[in-house]
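The values are calculated or read from the model by the stated rules, or taken from the named source; none is laboratory data. On a predicted model such as this, the values are computed, not experimentally measured, just so you know. Reconstructed Cβ throughout: ideal geometry from the backbone, glycine too, with neighbour counts over all protein chains shown. Each accessible area value is taken on the protein alone, full model and side chains, heavy atoms only, with ligands, DNA and RNA left out. Shrake-Rupley method; radii C 1.70, N 1.55, O 1.52, S 1.80 Å.
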Amino acid sequence: MGKVYLTGAGPGELELLTLKALRVVREADVIIYDRLANPDILKEAKDGCEFIYVGKEDGKHILPQEEINEVLYRYALKYHSVVRLKGGDPFVFGRGGEEGKYLKERGIAFEIIPGVSSAISVPAYAGIPVTHRGVSVSFRVVTGHETPNKESSQVDWDSLSTNETVIFLMGLHNLENIRNNLIRVGRDADTPCAVISRGTSSEQRTVVGTLQEIYEKVQEAKLPTPALIVVGEVVNLREDLNWFEEKMA
Ligand code: SAH
């Protein structure tokens, strides 16, 4: 019986993969992966390694989560080393916890290999520090995926009215709702925002605007996924710290 490595692939740029992740990728008998920010990682696998794609495209899951769990279990019975490769960090909106619980219930050994989460690294590649002395002393990473109507929302919108940095993942298609909700709970309509698409890759693009205008600007720019949203005064620091896009330009 093998072991499953629930492994973070990082945000995109190949060198942001950890050494530990690279080692298990090179040793893997099978790699079970999502739509990865960087498919070049798979080129590191040894000859004969099997590749199983279980990701989602355009929001449609190829396999439901229960079936992904089952695939992990089956391959753990068959092989010595199973790598479950996920974008960013496996525990940041990555469902790594669900997969770990499932394996534990079935007596399969697993390890977690944290990854560089897009939540912090993608803002960094857009020149935005998520905290900055005198500007923001905390940040929050929030799902942008759920429909933010008050009855069903698990997001505590009221608490997002303070001036802390907020990073929304999976929120590109919900940007208008997110904007409306933040303004409704009292966040200043002039708060600077950035939407960063395909961060850390050569296709990285960033749109900056006030909370009020960001949705329209992003519509106009037709930014592709994956993209994340940063809300807060730290966005202004990009004027001085935009090292990556300036290097690419
Ligand atoms: N576990 C991942 C997040 C999974 S949720 C992590 O830690 O990064 C998927 C969301 O992450 C996307 O909808 C997008 O909001 C964000 N994301 C992931 N990679 C990104 C990238 N390269 N650029 C911008 N956003 C990214």
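General remarks:
- Between helix 96-105 and the chain: long-axis angle, C-alpha atoms, 0 to 90°, nearest 10: 30
- Mean silhouette area of the stretch 151-249, derived from the convex hull of its C-alpha atoms and averaged over all directions, reads 6.4 nm².
- Dimensionless Rg over Rh [the stretch 51-189; C-alpha; Kirkwood]: 1.04
- The stretch 3-113 - percent relative contact order, Cα under 8 Å, separation 6 or more: 42
- Sum of side-chain charges, residue 179 neighbourhood, beta-carbon under 14 Å (Lys, Arg +1; Asp, Glu -1): -2
- Acute angle (nearest 10 degrees) that the helix 211-221 long axis makes with the longest principal axis of the chain, alpha-carbon atoms: 60
- GNM top mover of 100, 171, 48 - the chain, alpha-carbon springs below 10 Å: 48
- Formal net charge of residues neighbouring residue 81 (Cβ-Cβ distance under 12 Å; K, R +1; D, E -1): +2
- Whole-number Å³ per residue for the convex hull built on Cα positions in the chain: 132
- Residue pairs, from the table 78/104; 20/43; 43/104; 43/222; 46/78, whose Cα atoms sit over 24 Å apart: 43/104; 43/222
- By the helix-only formula, in which each DSSP H run with n ≥ 4 contributes -39500 (n - 2.57) and the sum is divided by residues, the chain has a 222 nm mean residue ellipticity of -8000 deg cm²/dmol.
- Fraction of accessible area attributable to carbon and sulfur, the chain (%, probe 1.4 Å): 51
- For the stretch 118-248: accessible area per residue (Å², 1.4 Å): 49
- Computed over the stretch 3-113, the range of Cα coordinates on each principal axis works out to 34, 31, 22 Å, biggest value leading.
- Between the Cα long axis of helix 65-78 and the first principal axis of the chain there is an angle of about 30°, rounded to the nearest 10.
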